[in-house]
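Reviewing the structure listed below.
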Amino acid sequence: MLGQAVGGYTNATHGMTLSAVSLAYYRYIMPYGLDKFKRFAINVWSVSPQGKTDEQIAKEGLLAMENWMNEIGVITNISDLGVTKDDIENIADLTLTMDGGYKTLSRDEKIKVLSDSL
């Protein structure tokens, strides 16, 4: 829903907004879904689990995802869509809160993720 709110605020496409917020969002929720992020790293990005903690494996997977996103040239931050620090609270307030997933974000958490997406 963060991407939806960014799209409504900037008129950017859905795909652009998803790529712009996904890394910050995934890094924020990773501790709440660590097992699946670990599995994602191993099965999708071929991260070797040898000698690493679950958190190290998951972080390495997200870094591999970030590198791939940069390689293919997708937008990885909302500032490229025209969002500024001054816009963050308004976008957070526009973001629909839905229960479910690994973590239901509070307003402050939305602001944190959006700020980390700049």
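The values are calculated or read from the model by the stated rules, or taken from the named source; none is laboratory data. Since we're looking at a predicted model, the values are computed, not measured. Here Cβ is always computed from backbone atoms with ideal geometry, including for glycine, and neighbour counts include all displayed protein chains. We work out accessible area using only protein heavy atoms, side chains counted, and drop any ligands, DNA or RNA first. Shrake-Rupley method; radii C 1.70, N 1.55, O 1.52, S 1.80 Å.
Details
- Residue 83, sole failed condition from (1) farther than 19 Å from residue 8 by Cα; (2) surrounded by 13 or more Cβ atoms within 10 Å (Cβ to Cβ); (3) touching a Phe, Trp or Tyr at 6+ places or on another chain (Cβ under 9 Å); (4) not charged (D, E, K, R): (1)
- Whenever a residue of region 31-50 is more than 21 Å from residue 103 (Cβ to Cβ), its partners that are among the small types (Gly, Ala, Ser) and buried (at least 16 other Cβ atoms within 10 Å of the Cβ), lying with C-beta atoms within less than 6 angstrom and at least six residues away or across chains, give the pairs 45/61; 45/64; 47/41; 47/61.
- Filtering region 28-64 to residues that are within 14 Å of the chain's Cα centre (by Cα), surrounded by fewer than 17 Cβ atoms within 10 Å (Cβ to Cβ) and of a type in the set (D, E, K, R) leaves nothing.
- Verdict on residue 12 being in a helix (DSSP H, G or I) and either touching a Gly at 6+ places or on another chain (Cβ under 9 Å) or buried (at least 19 other Cβ atoms within 10 Å of the Cβ) (or both): no
- Filter result (at pLDDT 95 or above and open to solvent by 70 Å² or more (accessible area, probe 1.4 Å)) within region 17-27: 26, 27
- Qualifying residue in region 89-101 (condition: touching a Gly at 6+ places or on another chain (Cβ under 8 Å), in a helix (DSSP H, G or I), open to solvent by 90 Å² or more (accessible area, probe 1.4 Å) and among the hydrophobic types (A, V, I, L, M, F, W, C)): yes
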